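Okay, structure first, notes after.
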Amino acid sequence: MNGYGSIIFKGTAHIGKGTKIHVQDGATLTLGDNFSISASSQINCYKSISFGRDIQFSWDCLVMDSDTHNIYDERGKRVNDDREIVFGNKIWIGCRCTILKGSIIPNGCVIGACSCVSGKNFEENSIIAGVPAKSLKKIGSWKL
């Protein structure tokens with residue numbers, strides 16, 4: 001593709017020192033209001049990553065909607081397509097988390113430190129943690 005990727009700001013955003021953001025040609029990164037990502041994190045957007053409002057990242061996190069390379073089956077068909085990532089509203093992501101392609105994080109969640117999130121079978125208002133990450137416990141709310 002020719003052209004540029006898009007970053008859409010839907011309000012205020014804080015991007016910490018050393019954070020890297022890459023938006024590939026034709027891809028869209030959407031940051032909801034009150035978005036905050038701490039130092040030394042990375043977002044690699046090759047298709048679509050969208051964040052709702054009130055998102056808080058800790059440090060050293062990685063979000064990527066692509067494997068950044070292509071893998072083909074024996075017939076030459078690509079088997080690892082890029083897949084969008086969707087974050088709901090009011091989500092806190094602990095330090096050193098990895099959020100992989102195809103993930104959908106529902107509203108009101110806290111992602112525990114060092115978790116690897118892949119998939120979409122998570123409960124709203126829950127603590128999501130582990131490798132691979134799972135919804136571990138329902139919560140009422142969270143506050144920094």
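The values are calculated or read from the model by the stated rules, or taken from the named source; none is laboratory data. Remember, it's a predicted structure, so these values are computed and weren't measured experimentally. For neighbour counting, all protein chains shown are included, and Cβ atoms are generated from backbone atoms with ideal geometry for every residue, glycine included. The accessibility values were calculated without ligands, DNA or RNA, using every heavy atom of the protein model including side chains. Shrake-Rupley method; radii C 1.70, N 1.55, O 1.52, S 1.80 Å.
Scanning the stretch 132-144 for residues that are open to solvent by less than 100 Å² (accessible area, probe 1.4 Å), part of a strand (DSSP E or B) and closer than 15 Å to Ala113 by Cβ yields one hit, Ala133. What number of residues in the stretch 1-18 are open to solvent by less than 30 Å² (accessible area, probe 1.4 Å) and of a type in the set (S, T, N, Q)? Residues meeting the conditions: 0.
Number of residues in the stretch 19-41 that are open to solvent by 60 Å² or more (accessible area, probe 1.4 Å), polar (S, T, N, Q) and over 24 Å from Trp142 (Cα atoms): the value is 1.
The listed residues are Glu74, Glu84, and the only one of them that is surrounded by 17 or more Cβ atoms within 10 Å (Cβ to Cβ), among the acidic types (Asp, Glu) and farther than 24 Å from Ser141 by Cβ turns out to be Glu84. If you go through the stretch 96-111 and keep only what is within 21 Å of Ser36 (Cβ to Cβ), open to solvent by less than 20 Å² (accessible area, probe 1.4 Å) and not β-branched (Val, Ile, Thr), you end up with Cys97, Ser103, Gly108, Cys109. Any residue that is at pLDDT below 95 and more than 15 Å from the chain's Cα centre (by Cα) - is there at least one of those in the stretch 28-39? The answer is yes; a qualifying residue exists. Could you tell me how many of the residues in the stretch 112-129 are more than 14 Å from Lys90 (Cα to Cα), open to solvent by less than 60 Å² (accessible area, probe 1.4 Å) and not small (Gly, Ala, Ser)? The total comes to 3. Where strands (runs of 3 or more DSSP E) fall wholly inside the stretch 85-131, the ranges with 1 or more residues that are without any contact (Cβ under 8 Å) to a residue 60 or more places away in the chain and touching a Phe, Trp or Tyr at 6+ places or on another chain (Cβ under 6 Å) are 85-87, 91-93, 126-130.
Taken over the stretch 42-53, residues that are in contact with a His (Cβ under 9 Å, 6 or more places away or on another chain) and either part of a strand (DSSP E or B) or surrounded by fewer than 17 Cβ atoms within 10 Å (Cβ to Cβ) (or both) amount to 4. In this structure, does Gly119 turn out to be more than 20 Å from Gln56 (Cβ to Cβ), more than 11 Å from the chain's Cα centre (by Cα) and of a type in the set (Gly, Ala, Ser)? When the stated conditions are applied, Gly119 passes them. Could you go through the stretch 54-76 and let me know if any residue there is of a type outside the set (D, E, K, R), over 19 Å from Cys116 (Cα atoms), touching a residue at least 12 places away in the same chain (Cβ under 8 Å) and not in a strand (DSSP E or B). Within the stretch 54-76, none of the residues are of a type outside the set (D, E, K, R), over 19 Å from Cys116 (Cα atoms), touching a residue at least 12 places away in the same chain (Cβ under 8 Å) and not in a strand (DSSP E or B). Which count do you get for residues in the stretch 8-23 that are in contact with a Ser or Thr (Cβ under 8 Å, 6 or more places away or on another chain) and either closer than 18 Å to Glu84 by Cβ or among the aromatic types (Phe, Trp, Tyr) (or both)? Selection size over the stretch 8-23: 3.
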